[in-house]
Amino acid sequence: MRLSELKKIAQWVRYWVLAATTEAGSGHPTSCLSAVELMVGLFFSGRFKFDFKNPENPNNDRLIFSKGHAAPLLYSLWAAAGAIEPKELMTLRKFNSPLEGHPTTAFPYVEAATGSLGQGLSVGSGMALNAKYLDHSSYRTFVLLGDGEMVEGSQWEAIQLASHYKLNNLIGILDVNRLGQCGQTMYGHSLKEYVKRISSFGWKTLVIDGHKFGQIINAYDRAFKSKTPVMIIAKTIKGRGVSFLQDKNGWHGKVLSQDEFKKAVDELGGIDNKSAPAVIAEPSKMEIRNFQPATGNSNLKTSEYKKGELVATRQAYGRALVKILPQFPQMVVLDAEVSNSTYAEAFKMAYPERFFEMFIAEQNMVGAALGLARQGKIPFVSSFAAFLTRAHDQIRMIQYSPKFANVKFIGSHAGVFTGQDGPSQMGLEDLAMFRSVLNSVVFYPADAVATEKLVEQTAKHYGLVYLRTTRQPTPVIYSGDDDFVIGGSQTLKQSSDDVVAVCAAGATLYQVLAAYQSLKEQGIFIRIIDLYSVKPVDKSTLEKAARETKYILTVEDHFAEGGLGEAVRSALAGVPAKICSLAIKKIPKSGNPEQLFDYEEISQKAIVKKVKELINF
């Protein structure tokens, strides 16, 4: 396509951005205008390959707007391509319109929800990993970045990882327009500062004028020849094309009045909306190579666990991954350099080509997992439960890409049961964090059998799942015939004489079992419910227990806020039930688990004492 035609398309796009945001009465038009030539040059010069009639074509190139506030630009590009009617742009930011204020997958050409800055490059790295190492596909991943978001630590996690894995199919496009929300960005228009930093991590950097199509197209061509990831660093002008907006502070997140809009359109000149849609090049046709697991790696059976055997649930997790891969060949495993503690290393040893070391960079690991899930993989993401909390923003953003939110999280070293490592290593907020994510599933198995079966349930379920494991070994109490399902529970002790129903999960279940024996010797009977499914919780079993006993007592190795106790209270809202909770209510210390359980009053002794208090024994 001739440069004159690209310039004409750029005028359409500028007009549509201004028209849509003016009609909406909100948005970020100036942030869109700075990147118009960068994106028009990519889309319509033949460099971007995409079959817009089939957005899920596995050979399509991928484009992520990490600077999600430039969403009107993204929508306008697809209007120029003929994928949507220009009149649809006037529904921007209106209720039930797929053209939301920041990109979400309600719009079929959005790869992943963005807008929380600093995440797009991580998602893109996951897509690039998939193309290079899993599907062996020729598609490229492009990420439009804003200069303001380049101070986010997650960007530099992604930059380092992409360099480590030599992702030469990943191209960042850095829109250096100088102005952020409140004034000049950290480096303004000093492009050499970006070059110095990004190139130091092993990326090829290309500096261009982001408004000159010749330089833009040449940069893409040079990027395609690189053997390393590429960052195109483009000097641009915020508000480009409209004199009273250009390089002016105070216009971020501000739209034009009707009079200002008319003035801006006059400056743009004649807009021909009757021309034929611009053309996006078709992708090449390649067969995606399906992964065939090697035979002989999956030889573990649930029945190998014998009752009474001591096995840490984290170890059972690693074994289960190896076992189930032939059933779920789209699985991949990511770990934050603790695989010999999470036991994901069992999978790494069996299937190294399906394992990615993500190093101590949890935010990027989660973003990359979403990129892999977007491309049809089933990523299992493991780290210490405490460290996953660093990535809460990335985790919560997954829920806004519900079509691709098939990411599985495993948090090990949960609770004070972690012991001598001390409070910094003890996940005590993780259940609350994952319970807060819409449509999430949260599991907390007590033994190896339950863990293995719930890992399989985790892989089967399409959606975000969190499975909590523990550091210390626990006795096997279940058999291969026991069922574990989403929303289920196991009632381990039950009689018509039960006065209190005690609900626990994971490590505290064993304290409850020990308390049962002590209370039974004193003629006091309690019902024991293993609520291994923390979300959704087994409401029917809880309602039955509320009817048949005087009290429900929850015992958990987690802070009281947002944990098992609150899950039970939520389930029984409106049900006449007396509910009490034992949970972590003090700052933990280093010590052995028995000392810590006593200190936090979630031990066998504390449970016996509480039950007696409740029934005035």
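Using helices alone, I'd like the mean residue ellipticity at 222 nm for the chain: each DSSP H run of four-plus residues gives -39500 (n - 2.57), total over residue count, nearest 500.
Values: 22 runs with 215 residues, N = 617.
So the helix-based figure for the chain works out to -10000 deg cm²/dmol.
For the stretch 137-206, what is the convex hull (Cα atoms) projected area averaged across all directions, in square nanometres?
Working: hull surface 19.5 nm².
For the Cα atoms of the stretch 137-206, the hull's average projected area reads 4.9 nm².
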### Query
Among the aspartates and glutamates, which fall within straight-line cross-link reach of Lys235, defined as a Cα-Cα distance under 18 Å, with same-chain neighbours fewer than 8 residues apart omitted?
Glu37, Asp147, Glu149, Asp175, Glu193, Asp209, Asp247
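For Arg93, Arg547, Arg222, which order do you get if you count the other beta carbons within 10 Å of each Cβ and list the fewest first?
Values: Arg93 18, Arg547 10, Arg222 14.
With the fewest neighbours first, Arg93, Arg547, Arg222 line up as Arg547, Arg222, Arg93.
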## Note on the structure
Put in order of increasing Cβ neighbours within 10 Å, starting from the fewest, Lys460, Lys262 give Lys262, Lys460
### Query
Any idea what diffusion coefficient the chain gets from Stokes-Einstein, in µm²/s, Kirkwood Rh on alpha carbon pairs, 10 °C, 1.306 mPa s?
61 µm²/s
### Summary
Most exposed to least, judged by fewest other Cβ atoms within 10 Å, Lys578, Lys8 sort to Lys578, Lys8
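If you place +1 on the Cβ of every Lys and Arg and -1 on the Cβ of every Asp and Glu, how big does the dipole about the Cα centre of the chain come out, in debye to the nearest 20? Walk me through the numbers before you get to the answer.
Working: 70 positive and 61 negative charges, 212 e Å.
The dipole magnitude comes to about 1020 debye.
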### Query
Among rounded, prolate and oblate, which fits the stretch 1-63 when a ≥ b ≥ c are the square roots of the eigenvalues of its C-alpha gyration tensor, a/c under 1.5 means rounded, and a/b larger than b/c means prolate?
oblate
### Summary
For the stretch 302-475, the Cα convex hull volume per residue in Å³ comes to 99 Å³
### Query
So what's the angle, to the nearest 10 degrees on a 0 to 90 scale, between helix 362-374 and the longest Cα principal axis of the chain?
70 degrees
### Query
If r is the Cβ-Cβ distance from Ser284 to Phe95 and R0 is 35 Å, what FRET efficiency results, to the nearest 0.05?
0.30
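So what's the net charge close to Ala577: Lys and Arg +1, Asp and Glu -1, counting the other residues with Cβ under 12 Å from its Cβ? All intermediate terms of the calculation are to be shown ahead of the outcome.
Values: positive: Lys539, Lys544, Arg547, Lys550, Arg569, Lys578; negative: Glu543, Glu548.
After counting each charged neighbour, the total is +4.
Using only the Cα atoms, what convex hull volume per residue in Å³ does the stretch 490-614 have? Please report the intermediate quantities before stating the final value.
Details: hull volume 11.8 nm³, N = 125.
So the per-residue hull volume is 94 Å³.
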### Query
Which whole-Hz couplings ³J(HN,Hα) result when phi for each residue of the stretch 449-461 is put into the Karplus expression 6.51 cos²θ - 1.76 cosθ + 1.60, θ = phi - 60°, listed in order with x for Gly and Pro?
5, 4, 4, 4, 5, 6, 4, 5, 4, 4, 5, 5, 6
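Tally Lys and Arg at +1 and Asp and Glu at -1 over the other residues with C-beta under 11 Å from the C-beta of Ile378: what net charge comes out? Could you put the intermediate results ahead of the total?
On the way: positive: Arg354, Lys377, Lys408, Lys460; negative: none.
With Lys, Arg at +1 and Asp, Glu at -1, the neighbours total +4.
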## Note on the structure
To the nearest 10 degrees, the tilt of helix 213-224 (Cα long axis) against the first principal axis of the alpha carbons of the chain is 40 degrees
### Task
Could you work out the local net charge near Val416, counting Lys and Arg as +1, Asp and Glu as -1, over the other residues with Cβ closer than 12 Å to its Cβ?
-3
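Any read-out appearing in this document is the output of simple, stated calculations on the displayed coordinates, not a laboratory observation. Given the structure is predicted, the values throughout are model-derived calculations rather than measurements. Neighbour counts are summed over all protein chains in view; Cβ atoms, including those assigned to glycine, are modelled from backbone coordinates with ideal geometry.
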